[in-house]
Amino acid sequence: QRSLVGSEMCIRDRVVCVFMYFVKDLEHINRWINWTKAKYPKMEFVQVPHWNLTYILRGGMYCVPNSKVKLLKLADVVKAMQLTHGVYYTFLGMKKADGMNRRLMLKGYEVNGYENNGMVYPLADWTQKDILAYMRQHNLPEPVRYSLKASSGVGFNPDCMLWMEKNYPQDLQRIYRVFPMAERVLWEYHNKQN
């Protein structure tokens, strides 16, 4: 019986963890990836571009637009990973606490134990506070928090970019190499502070 785990995908005797990146090889992200690989050496680790990246590249957000980029959805990434790795179940970390849209979507899957055609949502009833408490209890590294606001991934928001400017300036430079016009985010932020 094969299955997928998390945004991470798993199989009973095999785990395939899929990480969707915004910009590949950011040092502060690689630290977490390397910890995960060392802690779980039997796990396979795959990195793929985040599906949202297709919208950013095609639309030209902080870069030159590329109309040839095919727009993708999360379902496209999941399907590709299922086909590539021969797995059926995909475990995703979405929670009702993430917002109204997630709450409505997940409410429809409650009857089936938060499973829908191979998509499984084991954290549906958890809050971010529950997850952080679990991570502390099991001595797992906490995720990077770019601000005191709700957790989010790497992006063009000032909180994330300010955090990198202070803690990992080399990662900010990597982002600028891929998205040269993103320098405007902090330029505008710093000019408003003066």
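The values are calculated or read from the model by the stated rules, or taken from the named source; none is laboratory data. All values reported here derive from a predicted model rather than from experimental measurement. For neighbour counting, all protein chains shown are included, and Cβ atoms are generated from backbone atoms with ideal geometry for every residue, glycine included. Note: accessible area is taken over every heavy atom of the protein model, side chains too, but ligands, DNA and RNA are not part of it. Shrake-Rupley method; radii C 1.70, N 1.55, O 1.52, S 1.80 Å.
Any chance segment 95-112 includes a residue that's open to solvent by less than 50 Å² (accessible area, probe 1.4 Å), in contact with a helix residue (DSSP H, G or I) (Cβ under 9 Å, 6 or more places away or on another chain), at positive phi and not basic (Lys, Arg)?
So in segment 95-112, the residues open to solvent by less than 50 Å² (accessible area, probe 1.4 Å) come out as 95-96, 99, 106, 109.
If we keep only those that are in contact with a helix residue (DSSP H, G or I) (Cβ under 9 Å, 6 or more places away or on another chain) as well, we get 95-96, 106.
From what's left, at positive phi: none.
No, the conditions are met nowhere in segment 95-112.
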>> Going by what's in this entry, would residue 181 be described as assigned to a helix (DSSP H, G or I), hydrophobic (A, V, I, L, M, F, W, C) and either modelled with pLDDT under 95 or surrounded by fewer than 12 Cβ atoms within 10 Å (Cβ to Cβ) (or both)?
In response: no
>> Quick check on this structure: which one of 66, 139, 101 is among the polar types (S, T, N, Q), free of Cβ contacts under 8 Å to residues at least 24 places away in the same chain and within 23 Å of residue 28 (Cβ to Cβ)?
In response: 139
>> Exactly one of these conditions fails for residue 87: (1) assigned to a loop (DSSP other than H, G, I, E, B); (2) open to solvent by 30 Å² or more (accessible area, probe 1.4 Å). Give me its number.
In response: (2)
> Within segment 119-161, restricting attention to residues that are of a type in the set (Gly, Ala, Ser) and farther than 30 Å from residue 57 by Cα, which residue is surrounded by the fewest Cβ atoms within 10 Å (Cβ to Cβ)?
Replying inline: 133
> For segment 137-159, how many residues are at pLDDT below 95 and in a helix (DSSP H, G or I)?
Replying inline: 2
>> Quick check on residue 113: is it within 23 Å of residue 31 (Cβ to Cβ) and of a type in the set (Gly, Ala, Ser)?
In response: no
